[in-house]
1. Does any residue of region 105-126 turn out to be under 21 Å from Glu180 (Cβ atoms), charged (D, E, K, R) and within 16 Å of the ligand (Cβ to nearest atom)?
2. Residue pairs, Cβ under 8 Å, 6 or more apart or interchain, first in region 495-508 and part of a helix (DSSP H, G or I), second modelled with pLDDT under 95 and among the hydroxyl-bearing types (Ser, Thr, Tyr). List them.
3. Kindly indicate which of Ser93, Ser73 is within 16 Å of the ligand (Cβ to nearest atom), among the small types (Gly, Ala, Ser) and not in a loop (DSSP other than H, G, I, E, B).
4. Only one of these conditions is not met by Ala286: (1) open to solvent by 20 Å² or more (accessible area, probe 1.4 Å); (2) among the aliphatic types (A, V, I, L, M); (3) not in a strand (DSSP E or B). Which number is it?
5. Sort out which residues of region 85-103 are more than 16 Å from the chain's Cα centre (by Cα), farther than 14 Å from Arg126 by Cβ and surrounded by 24 or more Cβ atoms within 10 Å (Cβ to Cβ), and write them in order of number.
6. Against the conditions (1) open to solvent by 10 Å² or more (accessible area, probe 1.4 Å); (2) on the phi > 0 side of the Ramachandran plot, where does Ser188 fall short? Just the number, please.
7. Only residues that are more than 16 Å from the ligand (Cβ to nearest atom) and touching a helix residue (DSSP H, G or I) at 6+ places or on another chain (Cβ under 6 Å): list them for region 306-319, please.
8. Before we move on, is Arg133 touching a Ser or Thr at 6+ places or on another chain (Cβ under 7 Å) and more than 27 Å from Gly511 (Cα to Cα)?
Amino acid sequence: MRYGYSGKILRVDLTNRKAWAEALDEETYRLYPGGKALAAYILLRELGPGTDPLGSGNILILANGLLTGAPFSTATRFSAVARSPLTGAFGESEAGGFWGPELKLAGWEAIVMTGRAADPVYLWIRDDQVEIRDARHLWKRDPEEVQATIRQETTEKLARVLQIGLGAENLVRFGALTNELRHFNGRSGMGAVMGSKQVKAVAVRGTGKYLETAYESQPIGDLGKRLARAVKEHPSSWDLQVKGTPGLTAGLNAAGILPTRNFHQGAFEGVEKLRWEAYEKELLTARRSCYACAVRCKREVKVDDRYQVTDAYGGPEYETIAGFGSNCGIDDLQAVAKANELCNRYTMDSISTSSAVSFAMECFEHGLIGPKETGGLALHFGNAEAMVRCVELIARREHIGDLLAEGTRRAAEVIGGDARFFAMQVKGQELPMHDPRGKVGVGLGYAINEAGADHLTAAHDPTLSNPDSLSFRGAQPLGITEALAPRELSARKARNYAVLENWNSFEKAIGLCFFGPAPRSFIPVEDVLTAVRAASGWDVDIQDLLRIGERATNLARLFNVREGFTRREDTLPERLFQPLENGALAGIAISREEFALAMTALYELKGWDPVTTVPSRTRLAELGIEWAADLVGV
Ligand code: SF4
């Protein structure tokens, strides 16, 4: 008997316009209970090496976790996984919102799309009924119009619509997916993969009830009530409720790690105009949430002034404020909100898009590109109008936008000269807006993460730097016993990172948002365990949960090994080994030697070869995935 999951995967062959259900057995699901874990299992087994990420051979997997759709805060996430067109590596991106829970309530754990439709289509899923519908009339249309049209055509006002906009249709390599217009699978170019398959949208309506599938519903119901109150008791979740992620801007500036002018600096002289108080005054219209989440960290904005910004696509998060603000040398919050709206409307990852703009600005400042390439734009740091226009050019693939749409690594190769030093990327994926010179564990994550630079691979160093903090105490059940300074780069830091990475990878497997569980936030580790046991009926402990996360990471690593990735790609942009030019950490750089030693320690902790990064057979056997070594031939 299975609990907490349906055991059903929806297979869609787009080339032959066929869809069917496939059964998922319990033994497999226990090892890979959804999300990143299940998707990595499917991708590694089914995708041949060397497949063109934007060709019909790529496989796009949308996978819920065991707890996605459970009625408690932050149980909202699903993973989108494919070979990434941005990196050529394992591509992965998680989103909250409403679409994942709706798919779960429709009775599906995952959708696996193969092939390529001859003409644009959308999928319509109503519980176990699935249709592949014509979407030619929706192609090139904005998400707001598409969502309204699909709801009208399906006569289902409550249909949840996952879709792509113009940028992803134009195969911008960091094209994203959006659901409910405001929630994004931003990273790794998963929207571009869906665009390459000519799938405009996946709409779903489910009428099931999560608790009816659970082994024991009472503990989950009790947890839901308790967590609704607990949100207010933890400083991290309460801060998120009051300010959302825009509340981070001023603090990171004061700490000297607010990326400024393409990571040259860590403090921005215009931060007063970007901080939360300015956001609240100048932009904010409302607060919103994801499915059943009491944190309510989403912000709604509207502007009718220097720029017109609709409230249809959600407000800028911290990453977007820093990306289009300080990192482009811009202190105009309205321009930032406009750039955010364009990214969301055209479904492009705002981290990679803003990084592409700051990269282009640095190239412009150095004369590597000029008005001829930019279509006349004076792309200097600080030019807000040029920044907004550049986002349009990327989505439409016009002028310099066509090259930037390829990502900064490819753009730098074409531009040549010093441009390669201006591309702030790892494995081809652009850095999020957290400077690892002030929190070095984040740098280990940027370097080692299979999908390239990402800030959601583990709790950030400051979370575990104070032994008296709620967060540090919350990490004890995971086996973390040492509070370490944010800038300590050592084997001890590598150990903490390895544990936290396994925990975060597990969260992605079961569908929990980064802002929910301890140590980052308000859901104690023991409560996560209670929820997993109550949902599934499995007799598991915390070490079993960590192993789920580690297993998923090892599968992703083996995927990369098969594609030819080695330690050479697990590195950081050269600039991070250079000193910051200003702010609280002026003169501080990451030490190359310490970084190399910590990375070696991390590989050893993981049981990976420190040169090839191939996982050892012993470790894979302990994780129950020796089959994967046979498959990859290592
Ligand atoms: S914490 Fe914020 S992003 Fe996470 S599920 Fe809740 S509302 Fe969504």
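The values are calculated or read from the model by the stated rules, or taken from the named source; none is laboratory data. All values reported here derive from a predicted model rather than from experimental measurement. Note that we place each Cβ from the backbone using ideal geometry, even for glycine, and neighbour counts take in every protein chain shown. Ligands, DNA and RNA are stripped out before the accessible areas are found, and what is left, the full protein with its side chains, is counted by its heavy atoms. Shrake-Rupley method; radii C 1.70, N 1.55, O 1.52, S 1.80 Å.
1. Looking for residues that are under 21 Å from Glu180 (Cβ atoms), charged (D, E, K, R) and within 16 Å of the ligand (Cβ to nearest atom), one finds none in region 105-126, hence no.
2. The qualifying pairs do not exist here.
3. Working: Ser73 fails: not in a loop (DSSP other than H, G, I, E, B).
Exactly one residue qualifies, and that residue is Ser93.
4. Result: Ala286 passes all but (3).
5. Across region 85-103, the qualifying residue is only Pro101.
6. Here Ser188 meets the rest and fails (1).
7. Narrowing region 306-319 to residues more than 16 Å from the ligand (Cβ to nearest atom): 306-312.
Answer for region 306-319, where residues must be more than 16 Å from the ligand (Cβ to nearest atom) and touching a helix residue (DSSP H, G or I) at 6+ places or on another chain (Cβ under 6 Å): Arg306, Tyr307, Val309, Ala312.
8. Working: touching a Ser or Thr at 6+ places or on another chain (Cβ under 7 Å): no; more than 27 Å from Gly511 (Cα to Cα): yes.
No; evaluated as a whole, the condition is false for this residue.
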